[in-house]
1. Which of Ile107, Ile81, Ile142 moves most in a GNM of the chain, Cα contacts under 10 Å?
2. Would you list, by chain and number, the lysines whose Cα falls below 22 Å from the Cα of Lys8, excluding same-chain residues fewer than 8 positions away?
3. Pick from Gly58, Gly11, Gly128: which is most flexible by mean-square fluctuation in a GNM of the chain where alpha carbon atoms under 10 Å apart are linked?
4. According to a simple spin-label model (label point 7 Å from Cα along Cα-to-Cβ), what is the distance in nm between Asp50 and Asp85?
5. Could the peptides 82-88, 70-76, 49-55 be put in order, highest first, of the mean number of other beta-carbon atoms found within 10 Å of their residues?
6. State to the nearest 20 debye the size of the charge dipole of region 61-108 about its Cα centre, where the only charges are +1 on K and R beta carbons and -1 on D and E beta carbons.
7. GluC sites (Glu not before Pro), restricted to region 92-152: which are DSSP loop and have at most 14 other Cβ atoms within 10 Å?
8. Can you list residues from other chains, or at least 5 along the same chain, whose modelled amide H is less than 5 Å from the amide H of Arg16?
Amino acid sequence: MGVLVFDKFSGHLGHRQAIFYRHTVVTASNCVAPLIVAMIDNGGSFGGADWQWVEGQGHGYYFSSAVYANVRSLRDFDEWIARIDRLPESVVVERMKSVPDSWISSINERHYLERHMEQLLRRRGRVGDFLLRAKTLEPKRIPSWHDEAHRV
């Protein structure tokens, strides 16, 4: 569910891909093999190749609605929404500064990246609304979600 929240925050265009695998952890008392998931972005985040913020239906969802089976309301996303809301501006700025110059061909592109990250930061606090809009546009994506009330 956290990746769906991030995808709505980051304007992910496309469907989410994932790789599931087991990682065996041996402790003094037992041996467990939890299921681990790695998420894959194929260039769809931040509006895709055109870097345009688009709030469209179907974007960011994993293909199987089974992963959302426990979602009953927007409150089920609260933990993840709170993490986005608390994301410090300094973290985004540092990540932006870490983009290699070889990936950016001109000063204009660096300026464009800075503006885009400013827009990203302004999206904090709106992720719940993005999720509600997505739910309204495609209610069958998360069939167990019946509560459309805004968080208090």
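Bear in mind that the values in this text are calculations on the coordinates, not laboratory data. Note that the structure is predicted; figures quoted are calculated from it, not measured. Backbone-built Cβ (ideal geometry, glycine too); neighbour counts: all protein chains shown.
1. Result: Ile107 has the largest fluctuation of those listed.
2. Lys135, Lys140
3. Residue with maximal mean-square fluctuation among Gly58, Gly11, Gly128: Gly58.
4. 3.2
5. 70-76, 82-88, 49-55
6. Here region 61-108 has a charge dipole of around 100 debye.
7. Listed in order of number, the matching sites are Glu148.
8. Placed amide hydrogens put Gly60, Tyr61, Tyr62, Phe63 under 5 Å from Arg16.
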